[in-house]
Amino acid sequence: MGFFSTIFGFSGFGIGISIGLVAGYFLFIYFQPSDVQDPVIRPLVEHDSETLQRMLPEIPLWVKNPDYDRIDWLNKFVEYMWPYLDKAICKTARNIAKPIIAEQIPKYKIDSVEFETLTLGSLPPTFQGMKVYVTDEKELIMEPSIKWAGNPNITIAVKAFGLKATVQAVDLQVFAAPRITLKPLVPSFPCFAKIYVSLMDKPHVDFGLKLVGADLMSIPGLYRFVQELIKDQVAKMYLWPQTLEVPILDPTKAFKRPVGILNVKVVRAMKLKKKDLLGASDPYVKLKITEEKLPSKKTSVQYKTLNPEWNEEFSIVVKDPQSQALELRVYDWEQVGKHDKLGMEVVPLKELTPDESKVMTLDLLKNMDLNDAQNEKSRGQLVVELTYRPFKEEDLPKGYEETKTVQTTPDGTPAGGGVLVVMIHEAQDVEGKHHTNPYVRIIFRGEEKRTKHIKKSRDPRWEEEFSFVLDEPPIKEKMHVEVVSSSSRMGLLHPKESLGYIDINLADVVSNKRINEKYHLIDSKNGRIQIELQWRTS
């Protein structure tokens, strides 16, 4: 009897459960509660103060603060790119965490700490708004407000005293306001050399922590202790002015900054071609470094001779000795008309041994086309002495943005002298009467250097750097800087016009080592130009 009672009891239980599930399903599908209504959407001004206080933390910053920009486009971009950003961020996090873990674990007698799994999950962070700051330096500063309620899978294995414990972080929430600085800005993609990240306030971090499947955060007192410990440790490392530095590019290569100086001594030439009617020539030599837009340096003219002697020395800044070359051209000077070319030759700088002088006797050619039959004709020879002096490692230019100090000059710079560096950044509100295609002329000690042309722009940006090797400090000298516009059309009517100029007293540069200022242009209504000057000594 007891056996049959048990059988009927289980059968009744199963049938009852089945009938209950079916009835519940139909009631859920076909019967809607009558007290559920669509929410009423009202403007913020119609809400009472208590409701607004509850809503305030959820309102985006671009609504509350006018200096924050709305960046919905960035949220859409991050959402689409999140699977790829997840892998890239996790890889970077591992690389950053490794040295920090290696430094910290000996203090706590831990054998090892390793990531078993590290993924940020499928939910991307949300940007509530962003501030952007513009400065006179080569940098871009951004302050985004980030909220992230993610589903990451972070599992860490800790080994100590022969035992292994696995800890898993779940249900992560992070609210942070970092300051992200991209600097220095460089003319090579992605257009910045380093990323600096710091926190403007202590971040809000909330997460669950599981050890062998159990939630450690449910232990009384442990949750608040861990929260405060993480906030304090993160703030200690990254709260402003502390920063996390992430290198992207080598600034020296990205900027193509000087890496050395080439000393050139033009000694003599022999058996040059006759160009004058009286059976002689008036030769001089022009020399420059390839891949540079700077004007050529040139020797004096030696009159009525085919075997001139110069013994003149020049110093030229080198930026890439592996690809650059010294170009030498010999001309016959003419009082009227075009000067005749007597010959040329090119010396690749990679053929020179650093810090060793090399005397070279060069056979002059008509051009650098090896298949040109006219290059087989004798055009004379040119004797030069070349010495390439690279910067020492400690003197290698790093830029003011990285060191906050002006770099020194390399060996070979004239004793008591130095290098005057001129950086033309940008101009604003320059406008010509007939055209506005601005470029900058720099005139100093009779030598002129120019930036590139920028067509049809009242606010041009050049970011170009020029160097002058000087025998002595330019204490009592001035530099003439002029913004000029040239017509893009052929014609003689208004081919060029000045958009304004400034004469800069260099005494302040010598005493302060560096000046970065915006100057109001003379003969310009509202035009300004930003120029950075550095005086580098040994």
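The values are calculated or read from the model by the stated rules, or taken from the named source; none is laboratory data. Keep in mind that what you see is a predicted model, and the values were worked out from it rather than measured. Counting neighbours? That spans all protein chains shown, and the Cβs are built from the backbone with ideal geometry, glycine included. Surface areas here come from the heavy atoms of the whole protein model, side chains and all, with no ligands, DNA or RNA. Shrake-Rupley method; radii C 1.70, N 1.55, O 1.52, S 1.80 Å.
See the values below:
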quantity: Computed accessible area, His339, all protein chains, 1.4 angstrom probe, square angstrom; calculated: 60
quantity: Using a Förster distance of 45 Å, the FRET efficiency for Asn526-Leu244 (Cβ separation, nearest 0.05); calculated: 0.65
quantity: List Ile89, Ile529, ordered by accessible area with a 1.4 Å probe, largest first; calculated: Ile89, Ile529
quantity: Potential lengthening between Asp340 and Lys366 on full extension [0.36 nm per residue; Cα-Cα distance subtracted]; calculated: 8.2 nm
quantity: ³J(HN,Hα), Karplus 6.51/-1.76/1.60, whole Hz, each residue of region 296-305, x for Gly, Pro; calculated: 6, 8, 9, 7, 6, 8, 9, 8, 6, 7
quantity: Pairwise centroid distance, computed over Cα atoms, of region 154-176 with region 436-511, Å; calculated: 60
quantity: For region 260-390: accessible area per residue (Å², 1.4 Å); calculated: 54
quantity: Residues of region 83-114 with amide N under 16 Å of the 7 Å Cα→Cβ point at Ala160; calculated: 101-114
quantity: 1.4 Å probe accessible area per residue over region 413-537, in Å²; calculated: 51
quantity: Ile443 paired with Ser188, simple spin-label distance in nm, labels 7 Å along Cα-to-beta-carbon; calculated: 3.6
quantity: Nitroxide proxy distance, nm - points 7 Å out along Cα→Cβ at Ile105 and Thr305; calculated: 7.5
quantity: Label zone at His204, where the point sits 7 Å out along the Cα-to-Cβ direction: region 105-149 residues whose backbone N lies under 15 Å; calculated: 126-129, 145-149
quantity: Full-stretch length increase - Val383, Lys298 - with 0.36 nm per residue and alpha-carbon distance subtracted; calculated: 29.1 nm
quantity: Sparse-neighbour loop sites [trypsin sites (Lys or Arg not before Pro); region 270-323; at most 15 other C-beta within 10 Å; DSSP]; calculated: Lys271, Lys274, Lys293, Lys304
quantity: Thr135 accessible area, assembled protein chains, probe 1.4 Å, Å²; calculated: 50
quantity: Accessible-area value, Thr243, 1.4 Å probe, nucleic acids and ligands omitted, Å²; calculated: 70
quantity: Accessible area in the full protein assembly, largest first, 1.4 Å probe, for Arg94, Arg70; calculated: Arg70, Arg94
quantity: Full-extension gain in nm, Glu291 to Leu278, via 0.36 nm per residue minus C-alpha separation; calculated: 0.9 nm
quantity: Carbon + sulfur, % of accessible area of region 58-251 - ligands and nucleic acids excluded, 1.4 Å; calculated: 62
quantity: Val174-Glu497 FRET efficiency (beta carbon distance; Förster radius 45 Å; 0.05 resolution); calculated: 0.20
quantity: Probe 1.4 Å, accessible area per residue of region 67-188, Å²; calculated: 60
quantity: Fraction of accessible area attributable to carbon and sulfur, region 411-525 (%, probe 1.4 Å); calculated: 48
quantity: Two-decimal ratio, region 487-538, of alpha-carbon radius of gyration to 2.2 N^0.38 Å; calculated: 1.61
quantity: Distance in nm between pseudo-label sites at Met237 and Ser457 (7 Å out along the Cβ direction from Cα); calculated: 4.1
quantity: Neighbourhood net charge (9 Å Cβ-Cβ; Lys/Arg +1, Asp/Glu -1) for Leu506; calculated: 0
